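Okay, so here's the structure we're looking at.
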Amino acid sequence: MDWCFMCKKDGESVNHLFLHCEMVTDLWNKLFARVGIAWVMPFHVVEFLASWQGAVGCGGNKAEWRMIPLCLFWCLWLERKGRCFQDCECTMGEFRDFFFSTLNFWVNNLVRDMNICNALF
């Protein structure tokens, strides 16, 4: 791909889309500021995920912390798919709201599901 569906600038790659696209970089920076972490973004997704496992944010709640990149990757992929195949594009603000509401939904359902599992087993 010669250009990124998200920023419409750089060549699209997995590393660019999930880590370095200006749309996602802005969101990563807001997220890190929200949890009070200074972060230097690795170049590759594999390096990012490895370093993410070693960091602990969200008040030390590892399950919630581990969901963040997966949720953001999922939301980015849905937005990219919408732009690519359905000619539907969210603003940065709409995308940010979609990500945080999706993350909130995932976290709330994880806690509920964990409570059900603990009650059953």
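Nothing in this text is a laboratory measurement; each read-out follows from the coordinates by a stated rule. As the structure is a prediction and not an experimental result, all values here were calculated from the model. Cβ coordinates were reconstructed from backbone atoms using ideal geometry, including for glycine residues, and neighbour counts include every protein chain displayed.
Using DSSP to call loops (not H, G, I, E or B), can you name the trypsin sites (Lys or Arg not before Pro) in region 1-48 whose Cβ has at most 16 other Cβ atoms within 10 angstrom?
Here the trypsin sites (Lys or Arg not before Pro) that fit, given the DSSP loop and packing criteria, are Lys8, Lys9.
For the residue pair Ser101 and Glu47, what label-to-label distance in nm results when each label sits 7 Å from Cα along the Cα-to-beta-carbon direction?
Simple spin-label model gives 3.6 nm for this pair.
If you keep only loop residues by DSSP, which GluC sites (Glu not before Pro) in region 1-98 have at most 13 other Cβ atoms within 10 Å of their Cβ?
Glu89
Kindly provide the chymotrypsin sites (Phe, Trp or Tyr not before Pro) of region 1-94 that DSSP labels as loop, not H, G, I, E or B, and whose Cβ sees at most 14 other Cβ atoms within 10 Å.
Here the sparse-neighbourhood loop sites are Trp3, Phe43.
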